[in-house]
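For reference, the structure is listed below as structure tokens.
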């Protein structure tokens, strides 16, 4: 899967939001196994959403680097496991994300879904607008980190 683009959405009065059709289609027309993993991003004020296949890869990557018998690494594992939840996603893709996760990142009603390769990010619309780089900043950062765009 290679999620991309951004989509606006709104939480309904029951605290649910619909996964955008483009992302559902990227998963083959439905959420595999009817479950997604929702993680509080460790760096930004947003939630990361993974298919279970991608989530299992993420858990394996993180747990392979940490030793739960080391005090500091054990605490990192504690925080990691506190900050994700597996959610059931019905065929309608109307998701009910835990309220405490929404509160952690300040999501209220208007949201933006953004694709980032193997994951989808969910932002409060106002927070996303603050986060987004200007095109000039993006271009100079892209050039500095990735190295020129002569072939693009």
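What follows is calculated from the coordinates using simple rules that are stated; it is not laboratory data. Predicted model, so just to flag it, every value in this text is computed and none were measured. Cβ coordinates were reconstructed from backbone atoms using ideal geometry, including for glycine residues, and neighbour counts include every protein chain displayed.
Overview of results
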| read-out | value |
| --- | --- |
| Descending semi-axes in Å of segment 6-147, equivalent ellipsoid built from Cα gyration tensor | 24, 22, 16 |
| Sorted by Cβ neighbour density within 10 Å, fewest at the top, the residues 130, 121 | 130, 121 |
| Residues 131, 23, sorted so that the one with the fewest Cβ neighbours within 10 Å comes first | 131, 23 |
| Estimated [θ] at 222 nm from DSSP helical runs (n ≥ 4, -39500 (n - 2.57)) normalised by residues in the chain, nearest 500 | -10000 deg cm²/dmol |
